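The values are calculated or read from the model by the stated rules, or taken from the named source; none is laboratory data. Only a predicted model underlies this, so the values are computations on that prediction, with no experimental measurement involved. Every residue, glycine as well, gets a Cβ built from its backbone with ideal geometry; the counts of neighbours run over all protein chains shown. Heads up: the accessible areas ignore ligands, DNA and RNA and are worked out on the full protein's heavy atoms, side chains in. Shrake-Rupley method; radii C 1.70, N 1.55, O 1.52, S 1.80 Å.
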Amino acid sequence: MMKKAALVFLALAIAVTSGGRQKPKTPVYLDPSADVEARVEDALSRMTLEEKVAILHAQSKFSSRGVPRLGIPELWTSDGPHGIRAEVLWNKWSTANWTNDSCIAYPALTCLAASFDPAVSALYGKSIGEEARYREKDVLLGPGVNILRTPLNGRNFEYMGEDPFLSSVMVVPYVREVQKNGVAVCVKHFALNNEEKYRHQTDVYLSDRALYEIYLPAFKAAVQKGGAWSVMASYNLFRGRHVCEDTVLTKRILKDEWGFDGVVISDWGGCHDDDLTAEGGLDLEFGTGTNGLSSTGSVFDLYHLANPYLERLRDGRASMEQLDDRCRRVLRLIMRTAMAEDKPYGSLCSEEHYAAARRIGASGIVLLKNDGAVLPVKADAKKILVVGENAIKPLNVGGGSSSLKTQHEISPLQGITERAGCEVVYARGYVGSPGTAQDGLATARLQDSRSADELIAEAVSLAADADVVIFVGGLNKDGQQDCEGTDRVSMDLPYGQDDVIAALAAANPNLAVVMVSGNPVTMPWADDVNAIVQGWYCGSEAGHALADVLFGDVNPSGKLPFTFPVKLEDSPAHYGGKEFPNPGKTFYEEGIFVGYRWFEHKGIKRQARRRRGGAALHFRSRKQRGAPREGTQGLPEGIPRARAELRGEDHHRQR
Ligand code: GLC
């Protein structure tokens, strides 16, 4: 009996150990079903000091390390706010010449803002988020929400205009919908990056009121209402300190006051000093130093948050508590993106996305004027004349980091020709610059050796018997126009366009002028032109979106997200002959009086502004033209107070 019992016991023991062998338990940080915070803490507890520092800086142009030993993946970022940028080499800006990284260029964010429609913003975020996911990007470097303070800022086309409320409303759906794809947005450029030429040197001083009421709200909405998972610290200085090394904006306001639990990423090359970077509010450093490998191996070891930071941690000059806070944020970002299990697959260049790009464009196009019902183009039109370089010029390439390699780009001329159903004739009208072409053909196609007079004469002669003339001009993505790293030197249209427009207006009253730009321009011809349309940079589907509006298939409902001053000096950033651009201290003396607030406060006539129910152009009558601009006396009462605040004690001075 005893023997039998022993045998039974032995069999049970074998059964239990062999059959029910315990599978090794999945570590919490690798368990997708576990709470993100628990996963973060578990991962952090397993990391060495060196591994913690390694995830706080770039390993290539657009990626940062994970923890290979623990199976924690690296993070991949990509520009930009309007589409997924083509691949570049490991640590060079040069294109990698892939053949499968063309994308859809969505309309620039000025166009999105002009839709005044959060549902359009949600469509935008969903579409671009799916493209980013498909291209396996974890962080999309956008959207940009810097306020339009000066009409000369080269990057205004990337942002949402002059009004903090509009920007705050329009940024939230974009953020939420992108992040539903397991892709983080990186709201930029936080903050006060309102001009480009001296963006690395401009040192902004302004009142707390202007900071909180004008320049921060869109970022705050993106963080608190949108739930943004990362924010990009800007190049400029704020009250004497580079924002990438600052303690007020990125620490006290963003993290402490707003409760931001994401990652502060530097703009590329925005960090300058080992100690200040170690102390500041930055979490993830990109773009420091030169391309390629340094003499000591990887240039990435020289990053301020790399070996110099490791040294400071080891000798006690830097706090381990801050190190762990930075690592928690980066690990949280990795868990939310690269390690998230429920990510959708995404899609690229789909019919749905092209339809979205077209709808977003048509939603943002603004009808500024339409006397004599020039628009929509009549169904019985027999001949349409299209004039202007922007009717044929590729406008998705260039402009800086938002430049895109598109699968295709429907030009305004193509869109109009497809839709017209009658003869469409084209005349160049003017020659701009060869610009940046996606392919050599574009540059070759744009060459034209004729003189300005010859070009105007050709356009005028063709205009005489056209049923309608559509001029498509404006700015482009070349330097000193709508382009990152540069500012415009004038608010006037370049390339002699004013003369072309005036000549066409005299030749045919059925003229519609379409401005393709991301910034205001002066319109000396506005009184003499019957129809004016703000056409924006509408991306891959630009021609279709524009034709939808010009032919009446879509009712123009866009509204201006920024003011068109009659002349530059009327603008608050240029009032009274202020120096611009300014490589040093820049005082935002206008305080909260930015954009329409300024013009209404001072009673200055505007060239164009949004009025309830649609946009309208305000013109001074001919007799008024000579009259002194009313309201030019003195400064609005807000200026003396703003000046006092600027120079007095501020709540948030750099410690
Ligand atoms: C640029 C831009 C920023 C961009 C980054 C990466 O300098 O300021 O908007 O996302 O570098 O290209």
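Packing order of peptides 220-231, 582-593, 77-88, highest average first: 77-88, 220-231, 582-593 (average count of other Cβ atoms within 10 Å over each peptide's residues). The heavy atoms of VAL516 present about 10 square angstrom of accessible area, all protein chains included, probe 1.4 Å. Between 0 and 90 degrees, the angle of helix 320-336 with respect to the longest Cα principal axis of the chain falls at about 70 degrees. In a simple Cβ point-charge model (Lys, Arg +1; Asp, Glu -1; nothing else charged), segment 302-379 has a dipole of about 200 debye relative to its Cα centre. Taken along its three principal axes, the alpha carbon spread of segment 23-107 comes to 46, 28, 24 Å, from the longest extent down to the shortest.
At an R0 of 60 angstrom, the distance between the Cβ atoms of GLN22 and SER433 translates into a FRET efficiency of 0.30. The fraction of Cα-Cα pairs per 10 angstrom bin, counted from 0 for segment 168-250, comes to 19, 47, 29, 6 percent, rounded to whole percents.
When the P(r) is computed for segment 75-220, the part past 18 Å accounts for 57% of the Cα-Cα pairs. Counting every C-alpha pair in segment 66-121, the share spaced more than 16 angstrom apart comes to 62%. Across segment 408-423, coupling constants 3J(HN,Hα) worked out from phi with the 6.51/-1.76/1.60 Karplus curve, θ = phi - 60°, read 7, 9, 7, 6, x, 4, 5, x, 5, 4, 4, 8, 5, x, 8, 5 Hz, and Gly and Pro carry x. Note that the chain presents 38 Å² accessible area per residue, ligands and nucleic acids not counted, probe 1.4 Å. For the chain, the Cα-based Rg and Dmax, in that order, read 27.8, 122 Å.
Full extension of the segment from ARG317 to ASP35, taken as 0.36 nm per residue of separation minus the current Cα-Cα distance, would add 98.2 nm. Neighbours of ALA466, meaning other residues whose beta-carbon lies under 11 angstrom from its beta-carbon, give a summed charge of -1 when Lys and Arg score +1 and Asp and Glu score -1. Rounded to the nearest 500, the 222 nm mean residue ellipticity of the chain from helices alone is -8500 deg cm²/dmol, with -39,500 (n - 2.57) taken per DSSP H run of at least 4 residues.
Taking all pairs of distinct Cα atoms, average 1/r, flip it, and tell me the Kirkwood hydrodynamic radius of segment 64-157 in Å to one decimal place. By the Kirkwood definition, the hydrodynamic radius is 15.2 Å. Candidates TYR235, ALA86, VAL263 compared by Cα position along the dipole of the chain: farthest toward the positive end lies VAL263, with charges placed on Cβ.
Other residues whose C-beta falls under 14 angstrom from the C-beta of ALA545 contribute a net charge of -2, scoring Lys and Arg +1 and Asp and Glu -1.
Calculated on the Cα set of segment 322-394, radius of gyration then Dmax: 23.9, 71 Å. In a DSSP loop and with at most 14 other Cβ atoms within 10 Å, there are no chymotrypsin sites (Phe, Trp or Tyr not before Pro) in segment 499-546. Helix 497-507 and the longest principal axis of the C-alpha atoms of the chain enclose an angle of approximately 40°.
Largest first, the residues TYR205, TYR596, TYR159 sort by 1.4 Å accessible area into TYR596, TYR205, TYR159. Restricted to Cα atoms, segment 235-316 shows a radius of gyration and a Dmax of 13.2, 42 angstrom. Net charge near ALA222: determine it from the other residues with C-beta under 14 Å of the C-beta of ALA222, scoring Lys and Arg +1 and Asp and Glu -1. Within the 14 Å Cβ shell, the charges total +2.
Ranked from largest, the principal axis spans of the Cα set of segment 459-529 equal 44, 19, 16 Å. Taking only alpha carbon atoms, segment 31-74 gives an Rg to Rh ratio of 1.00, where Rh is the Kirkwood radius.
Each Lys and Arg contributes +1 and each Asp and Glu -1, all at the Cβ; summed about the Cα centre of the chain, the dipole is approximately 1320 debye. Its Cα gyration tensor gives segment 454-604 an equivalent ellipsoid; the semi-axes, largest first and in whole Å, are 31, 18, 16.
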